[in-house]
Amino acid sequence: MSEIRDVHERVVQAPAEVVGSLLDRLSATDDPIFPTPAWEPMSFDGPLGVGACGGHGPVRYSVAAYEPGRRVRFAFAPPGNGFHEMTVEPLGPGRCVVRHVLEQDLRGAQLLLWRAVVKAVHGTVVEEVFDNIERVAAGAVESPVRWSPWVRLLHRLNWGRAAAVDIPERAALIRTALDRPAYRDAYRMELLPGMPRDPDGWTGILRDAFPVVAREGGELLMNVDTAGVTARASILVDDRYVTLSTVARADTTRGRLYWGVVRGVHPFMARLMLRRTHRGLALAAPSAGERALAKTGVSSGGPENGLAG
């Protein structure tokens, strides 16, 4: 067994009470510091406070200690052990240090996973939290974190997958788009804070190559006819998900031959295109700190954060 202690800290040119007030908004709907949508948001089953359970992505933990404006500690859920916590300490008028500490006892495969994968990703996320704190509290980020090639690769490999679902009831346009479709499917992914809520922002799923024939509410319908196949695709953005739906019907002998080949690869391609666009939009979206500044009409003026890849 090996005891892991990982410490990150940054001096912020802002009063401790200002930074502490940002810490108090962790996991809130207007959380200005957790780096979404590039990473999955921190969320709990209630407001930030002792006993609240949740986490971010696959990492599960609960709030073990909370001193508003100063400190919050999260205990990892069993079978995990240890904790991670954030603290804010004043360094005098107008300056403070924000610190993140993680401690765990790991062994065997868990220790190898930490060294090979988790440490690099964890460190990047923590530094992006600091970037957002500095961005909002001080107005600019002096040295924003840069993703290493290894982190970019891990991010790409571990991005969420599209799930197969029934065509949603709210997708009224595509549900009535074709008479007697021979094929239908739908795939969806969860929307993350900061991602587009307008379906026009998602047309890149189909590389903007097909004409839009109708719009209604949060749904956009596209004509994707090809090679004797009459087909429509729908992009629906609701309160929680973006859903790509397809209906198709082969109308000619050529169309039936073509669809007989394409049908086998269509589900893979639909999922791939939705996932690719979902990740691309997440990386292109403003950070939580930038969104918070936009609400106040302030520009960070800092350099780019280097999330491409």
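The values are calculated or read from the model by the stated rules, or taken from the named source; none is laboratory data. Every value quoted in this text rests on a predicted model; they were computed, and no experiment measured them. Every residue, glycine as well, gets a Cβ built from its backbone with ideal geometry; the counts of neighbours run over all protein chains shown. SASA here: full protein model, heavy atoms, side chains in, ligands and nucleic acids out. Shrake-Rupley method; radii C 1.70, N 1.55, O 1.52, S 1.80 Å.
Number of residues in the stretch 245-256 that are over 10 Å from residue 174 (Cα atoms), surrounded by 14 or more Cβ atoms within 10 Å (Cβ to Cβ) and of a type outside the set (D, E, K, R) equals 3. Checking every residue in the stretch 98-108 against the condition of being surrounded by fewer than 22 Cβ atoms within 10 Å (Cβ to Cβ) and in a loop (DSSP other than H, G, I, E, B) gives at least one match. Among the criteria (1) open to solvent by 30 Å² or more (accessible area, probe 1.4 Å); (2) of a type outside the set (A, V, I, L, M, F, W, C); (3) in contact with a Gly (Cβ under 9 Å, 6 or more places away or on another chain); (4) under 30 Å from residue 31 (Cα atoms), the one residue 279 does not fulfil is (1). Checking every residue in the stretch 73-92 against the condition of being surrounded by 13 or more Cβ atoms within 10 Å (Cβ to Cβ), at pLDDT 95 or above, more than 29 Å from residue 159 (Cα to Cα) and in contact with a Pro (Cβ under 6 Å, 6 or more places away or on another chain) gives zero matches. Can you tell me which residue within the stretch 225-246, out of those that are among the hydroxyl-bearing types (Ser, Thr, Tyr) and modelled with pLDDT of 95 or more, is farthest from residue 176 (Cα to Cα)? Of everything passing the filter in the stretch 225-246, 241 is farthest from residue 176 (Cα to Cα).
Of the residues making up the stretch 128-149, those that are open to solvent by 40 Å² or more (accessible area, probe 1.4 Å) and over 18 Å from residue 95 (Cα atoms) number 3. For residue 180, state whether it is touching a strand residue (DSSP E or B) at 6+ places or on another chain (Cβ under 8 Å) and part of a strand (DSSP E or B). For residue 180, the condition - touching a strand residue (DSSP E or B) at 6+ places or on another chain (Cβ under 8 Å) and part of a strand (DSSP E or B) - is not met. Yes or no: residue 234 open to solvent by less than 30 Å² (accessible area, probe 1.4 Å) and over 21 Å from residue 35 (Cβ atoms)? For residue 234, the condition - open to solvent by less than 30 Å² (accessible area, probe 1.4 Å) and over 21 Å from residue 35 (Cβ atoms) - is met. Of all the listed residues (170, 161), the sole one being basic (Lys, Arg), out of contact with any helix residue (DSSP H, G or I) (no Cβ under 9 Å at 6 or more places or on another chain) and on the phi < 0 side of the Ramachandran plot is 170.
Within the stretch 156-164, one or more residues are surrounded by fewer than 19 Cβ atoms within 10 Å (Cβ to Cβ) and under 25 Å from residue 216 (Cβ atoms). The residue pairs whose first member lies in the stretch 137-151 and is over 15 Å from residue 288 (Cβ atoms) and in a loop (DSSP other than H, G, I, E, B), whose second member is modelled with pLDDT under 95 and open to solvent by 40 Å² or more (accessible area, probe 1.4 Å), and whose beta carbons are closer than 8 Å, counting only pairs six or more residues apart or on different chains, are 139/298; 139/301; 140/301.
Against the list (1) in contact (Cβ under 8 Å) with a residue 40 or more places away in the chain; (2) assigned to a loop (DSSP other than H, G, I, E, B); (3) out of contact with any strand residue (DSSP E or B) (no Cβ under 8 Å at 6 or more places or on another chain), the condition residue 209 fails is (1). Taken together, 249, 275 contain a single residue that is among the basic types (Lys, Arg) and either modelled with pLDDT under 95 or not in a strand (DSSP E or B) (or both), which is 275. The C-beta contact set for the stretch 178-202 (first residue closer than 16 Å to residue 224 by Cβ, second residue open to solvent by 70 Å² or more (accessible area, probe 1.4 Å) and not in a strand (DSSP E or B), distance under 7 angstrom, 6+ apart or interchain) comprises 183/263; 186/166; 187/271. Residue-level analysis places residue 209 among those that are closer than 26 Å to residue 257 by Cα, open to solvent by 30 Å² or more (accessible area, probe 1.4 Å) and either modelled with pLDDT under 95 or not β-branched (Val, Ile, Thr) (or both).
Can you tell me which residues in the stretch 254-272 are farther than 16 Å from residue 243 by Cα and assigned to a helix (DSSP H, G or I)? Steps first, please.
Let us first name the residues in the stretch 254-272 that are farther than 16 Å from residue 243 by Cα, namely 254-265.
Result: 254, 255, 256, 257, 258, 259, 260, 261, 262.
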